[in-house]
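Trainee: Below are the structure tokens for one structure; questions will follow.
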């Protein structure tokens, strides 16, 4: 299962997914925000590029926890709503591997995946890849999820000295 | 609000003013139009387009022999630089990681204009780091003309941007998951 954000996050996630052998990582599920039609199109184009394995994927929609410009009060409610959706979605899917790279959507999904592990329902391996934009500090999603991920990769080596749990294995995209 | 990407073309006003050729890197040679490709995102849109189209910036470009300014306004879903031939100079006022990395992959000479009005602008972190590593020049709107003039007069030695390691992530995952 991979979580897509919008714009830059999706582009970086697609660059990562392109490096993987799709026959090893199958079936694939992509979590996208309900309003994110662009990412949906890009995923379909990505999947269509590999004829042998393209039938093994599906898109899962998650309501956004906060739209740009939304008030604080109503965003508390929509965050709870998104969180509930995320729990149901992860509970139904029970993925073996969760890939995320920092869009807001990935926080409730990763939290649900970690809850599944704590409850002994399913051990979901959570791999977080921080964006190449983050040179000196982690993103908010990264900071929140760092203690709970199985593997946390960064793309600039100096981040490792600041966050010892993070690993640098090279520039990935 | 989303804007679909638009392209407009403008000739620098003094395009005919004595172009100084031969002082820049190899892919600028040739007799075709010398293109500046500029991308402008949706934030601070007016200020950046005004800066780009100011007499100061246009005459600096014209004096360096550039004959055409192509502007991509708004945001697209993909960085859409003209990929062949590579644009000789790219001015990036968009500063999204995508367009910066794409420009460097295409070996364009990159000038990134970061929005100094935004606090904690993490795109600025990336542009700043790449500037320090000599992969590109990072500047602010008010300094763009000066940066371009310096670039023309004394081009710095840019470091080529190494390609990403595409084997690292699949190797790492396969090892950790025992595949």
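The values are calculated or read from the model by the stated rules, or taken from the named source; none is laboratory data. Computed from a predicted model, the values in this text were never measured in an experiment. We place every Cβ from the backbone using ideal geometry, glycine too, and count neighbours over all the protein chains shown.
Trainee: Can you name the residue in region A:107-128 that is touching a helix residue (DSSP H, G or I) at 6+ places or on another chain (Cβ under 6 Å) and under 30 Å from residue B:124 (Cα atoms) and, of all such residues, is farthest from the other protein chains (Cβ to nearest Cβ)?
Mentor: By that ranking, first place goes to A:108.
Trainee: Now, a different point. Within region B:160-172, how many residues are more than 15 Å from the chain's Cα centre (by Cα), surrounded by 12 or more Cβ atoms within 10 Å (Cβ to Cβ) and more than 7 Å from every other protein chain (Cβ to nearest Cβ)?
Mentor: Selection size over region B:160-172: 1.
Trainee: What residue, of B:126, B:137, B:151, is under 15 Å from residue B:92 (Cβ atoms), more than 9 Å from chain A (Cβ to nearest Cβ), in contact with a helix residue (DSSP H, G or I) (Cβ under 8 Å, 6 or more places away or on another chain) and crowded, with 18+ Cβ neighbours inside 10 Å?
Mentor: B:137
Trainee: Between A:99, A:138, which is within 14 Å of chain B (Cβ to nearest Cβ), within 22 Å of residue A:169 (Cα to Cα) and either at pLDDT below 90 or surrounded by 24 or more Cβ atoms within 10 Å (Cβ to Cβ) (or both)?
Mentor: A:99
Trainee: Further, regarding this structure: Report, by residue number, each residue of region A:1-56 that is away from chain B (no Cβ under 14 Å) and either more than 18 Å from residue A:109 (Cα to Cα) or in a loop (DSSP other than H, G, I, E, B) (or both).
Mentor: Across region A:1-56, the qualifying residues are A:27, A:34, A:47, A:48, A:49, A:50, A:51, A:52, A:53, A:54, A:55, A:56.
Trainee: If you go through region A:65-77 one residue at a time, do you hit one that is surrounded by 15 or more Cβ atoms within 10 Å (Cβ to Cβ) and over 26 Å from residue A:140 (Cα atoms)?
Mentor: No, region A:65-77 has no match at all.
Trainee: Which ones in region B:35-61 are in contact with a helix residue (DSSP H, G or I) (Cβ under 9 Å, 6 or more places away or on another chain), surrounded by fewer than 22 Cβ atoms within 10 Å (Cβ to Cβ) and modelled with pLDDT under 85?
Mentor: Passing the criteria: B:41, B:44, B:47.
Trainee: Here is a follow-up. Restricting attention to region A:155-173, and to residues there that are assigned to a helix (DSSP H, G or I) and surrounded by fewer than 16 Cβ atoms within 10 Å (Cβ to Cβ), which single residue is nearest to the other protein chains (Cβ to nearest Cβ)?
Mentor: Quick first cut of region A:155-173, residues assigned to a helix (DSSP H, G or I) only: A:158-162.
With surrounded by fewer than 16 Cβ atoms within 10 Å (Cβ to Cβ) added as a condition, the list becomes A:158, A:160-162.
Details: A:158: 9, A:160: 15, A:161: 15, A:162: 13 Å.
Per the stated criteria, the residue is A:158.
Trainee: Could I ask something else about it? From A:3, A:31, A:87, grab the single residue that is free of Cβ contacts under 8 Å to residues at least 40 places away in the same chain and within 16 Å of the chain's Cα centre (by Cα). So that I can check it myself, show each step before the final result.
Mentor: Details: A:3 fails: free of Cβ contacts under 8 Å to residues at least 40 places away in the same chain; A:31 fails: free of Cβ contacts under 8 Å to residues at least 40 places away in the same chain.
The unique qualifying residue is A:87.
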